[in-house]
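The values are calculated or read from the model by the stated rules, or taken from the named source; none is laboratory data. These numbers were taken from a predicted model, which means no experiment stands behind them. Please note: Cβ atoms are built from the backbone with ideal geometry, for glycine as well, and neighbour counts cover all protein chains shown. Please note that ligands, DNA and RNA were not included when accessible areas were found on the heavy atoms of the full protein model with its side chains. Shrake-Rupley method; radii C 1.70, N 1.55, O 1.52, S 1.80 Å.
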Amino acid sequence: MAKIVGIMTTSHVPALGRAIHLNLQQDPYWKPFFDGFPPIHEWLERVKPDIVVSCYNDHGLNFFLDKQPTFAIGTAPELISTDEGWGIPSMPSFPGAEDLAWHIRDSLIRDDFDMLTCQEMLVDHAFTLPMALMWPDQKWPVKSVPVCVNTVLFPLPSARRCFKMGEAIGRAIASFPEDAKVLVVGSGGLSHQLEGERAGFINKEFDLKFMDSMVNDPQWATQFSDLDLVEKTGNEGVELLNWLVARGTVPGPVKVVHSSFHIPISNTAAATMLLEPV
Amino acid sequence: MNRPQKRTIPGAPIFDSDAARRGYALNKMCYSFNSKANRDEFVSDEVAYCKKFGLDEAQIKAITTRDVLGLIRVGGGVYFLGKLAGGVLGLDMQDIGALQTGMTKDEFKAKLVAAGH
Ligand SMILES: [Fe+2]
């Protein structure tokens, strides 16, 4: 049976792509963020997940406003990294975990989540950067299932709905008949705002409370509407919805394997957590 | 059409249905910057490229004057504008932040650092 072995949540700032490309991990500006990853590398080496289910948001690569799904899942055999216009070098493509992806897709739709299904899929930095942070040699030892949440066009799916979709993904994984160790990734956030007169807004207090809630009160943030989240975490802080999807997949308690938080990376309060089901 | 009053958050423009309708041509042009050939074509003649995508005068003016807040007012979504700023104009997010807040880039960066204290 498939089993969730961990949840890894992290920020996915585009400038990280450049920093990785230029090997700036030890540069004083970047070091506080990259230093969060050696403990995660050790854990990956020990636990060896087979499949990543990555909950993230596309920023105008696979989807444009001509067709903007609220929730989408990639069942493609190959997930392709390519030019996304932000100047981030592309990465080797990622093998899709097709059997699990189709199983989750079928299960979610039967569970009332109306997924858009992608049999071809381009993946942008929100998907690729967490992978490159976990496996810096970019030789992917896992297959992947991308789950995409709209954070582009408001209204966004509510935090409550995102958490519930995570729960449904968790049920789907638990009912997958093949043996597989699954790592769930939540990509995005935490507080940041790129646009408007309030650009540069960061809310450390909220972020720390949110990170605590991932462990001690997972549904805490589901009380907030999309606009509440903009107010409290900045326009792009809403990407924490991906963390809620990821956290929802584990019904019981979790323990913290690793947690780090640093302000700022680019305009972002950069946070990373690795959680293990208890 | 009478519509309910929208909730607004000071300094935080929301990319909602109205913005998506207003900005479709502009955002579609920015989406095209996923390709280097298109970025190069834009650089070789900005106004001609804008017209090819059907941008209106206000949108073209916001492009040519690098008016970031103006681009948002005419319907630009930040994830699309980011492709213009980063991929075409070579600006980073602190440049963009400084342009919108009237700060120097160093002041804007200092504000980010201060948020961590
Ligand atoms: Fe993002």
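For B:Y31, state whether it is open to solvent by 20 Å² or more (accessible area, probe 1.4 Å), within 12 Å of chain A (Cβ to nearest Cβ) and among the aromatic types (F, W, Y). For B:Y31, the condition - open to solvent by 20 Å² or more (accessible area, probe 1.4 Å), within 12 Å of chain A (Cβ to nearest Cβ) and among the aromatic types (F, W, Y) - is met.
Against the numbered list (1) within 16 Å of the ligand (Cβ to nearest atom); (2) at pLDDT below 95; (3) open to solvent by 30 Å² or more (accessible area, probe 1.4 Å), A:S90 comes up short only at (1). If you check A:D50, A:D58 for being modelled with pLDDT of 95 or more and more than 16 Å from the ligand (Cβ to nearest atom), only one passes: A:D50.
The residues in the stretch B:96-117 that are small (G, A, S), closer than 24 Å to A:L208 by Cα and more than 8 Å from chain A (Cβ to nearest Cβ) can be counted, and the count is 2. Sub-8 Å Cβ pairs linking a first residue in the stretch B:8-31 that is among the β-branched types (V, I, T) to a second residue that is in a helix (DSSP H, G or I) and open to solvent by 70 Å² or more (accessible area, probe 1.4 Å), at least 6 apart or interchain, are B:I9/A:E231, ordered by first then second residue.
Summed over the stretch A:37-47, the residues that are under 18 Å from the mean Cα position of the chain (by Cα) and either within 16 Å of the ligand (Cβ to nearest atom) or surrounded by fewer than 17 Cβ atoms within 10 Å (Cβ to Cβ) (or both) give a count of 1. Looking across the stretch B:72-95, the residues that are facing chain A (nearest Cβ under 9 Å), over 16 Å from A:N267 (Cβ atoms) and either in a helix (DSSP H, G or I) or polar (S, T, N, Q) (or both) come down to B:F80, B:K83, B:L84, B:G87, B:V88. Could you please let me know if B:G23 is surrounded by 14 or more Cβ atoms within 10 Å (Cβ to Cβ) and of a type outside the set (S, T, Y)? Yes, satisfied.
Residue under question is A:S259, and the condition is that it be over 26 Å from A:F71 (Cα atoms), within 15 Å of the ligand (Cβ to nearest atom) and open to solvent by 10 Å² or more (accessible area, probe 1.4 Å); does it hold? First the steps, then the outcome.
On the way: over 26 Å from A:F71 (Cα atoms): yes; within 15 Å of the ligand (Cβ to nearest atom): no; open to solvent by 10 Å² or more (accessible area, probe 1.4 Å): yes.
So A:S259 does not fit the description; no.
Restricting the stretch B:51-71 to residues that are assigned to a helix (DSSP H, G or I) and under 23 Å from A:E236 (Cα atoms), the residue that is farthest from the other protein chains (Cβ to nearest Cβ) is B:I63.
What do you reckon, is A:F63 at pLDDT below 95, more than 17 Å from A:I88 (Cα to Cα) and within 16 Å of the ligand (Cβ to nearest atom)? Against the criterion (at pLDDT below 95, more than 17 Å from A:I88 (Cα to Cα) and within 16 Å of the ligand (Cβ to nearest atom)), A:F63 does not qualify.
Filtered by the rule that a residue be more than 14 Å from A:D226 (Cβ to Cβ), of a type in the set (A, V, I, L, M) and in a loop (DSSP other than H, G, I, E, B), the stretch A:138-188 gives a lone residue, A:V142.
From the list A:S158, A:S144, the one residue that fits, being surrounded by 19 or more Cβ atoms within 10 Å (Cβ to Cβ), at pLDDT 95 or above and either away from the ligand (no atom under 14 Å from the Cβ) or acidic (D, E) (or both), is A:S144.
Under the condition of being touching a helix residue (DSSP H, G or I) at 6+ places or on another chain (Cβ under 7 Å) and closer than 19 Å to A:E239 by Cα, which residue from the stretch A:116-131 is nearest to the ligand (Cβ to nearest atom)?
Looking at residues that are touching a helix residue (DSSP H, G or I) at 6+ places or on another chain (Cβ under 7 Å) and closer than 19 Å to A:E239 by Cα, I get A:H125.
I'd like to know if the stretch B:37-49 contains one or more residues that are open to solvent by 90 Å² or more (accessible area, probe 1.4 Å) and either under 30 Å from A:I80 (Cβ atoms) or part of a helix (DSSP H, G or I) (or both). Yes, because at least one residue in the stretch B:37-49 is open to solvent by 90 Å² or more (accessible area, probe 1.4 Å) and either under 30 Å from A:I80 (Cβ atoms) or part of a helix (DSSP H, G or I) (or both).
I'd like to check which helices (runs of 4 or more DSSP H) are fully inside the stretch A:191-278 and have at least 2 residues that are within 14 Å of chain B (Cβ to nearest Cβ).
On the way: elements: A:204-216, A:226-233, A:240-248.
Per the criteria, A:204-216, A:226-233.
Restricting attention to the stretch A:14-36, the residues that are of a type in the set (K, R) and more than 16 Å from the ligand (Cβ to nearest atom) total 1.
Mind listing whichever residues of the stretch A:122-156 are polar (S, T, N, Q) and in contact with a Phe, Trp or Tyr (Cβ under 6 Å, 6 or more places away or on another chain)? A:S144 - this is the single residue of the stretch A:122-156 that is polar (S, T, N, Q) and in contact with a Phe, Trp or Tyr (Cβ under 6 Å, 6 or more places away or on another chain).
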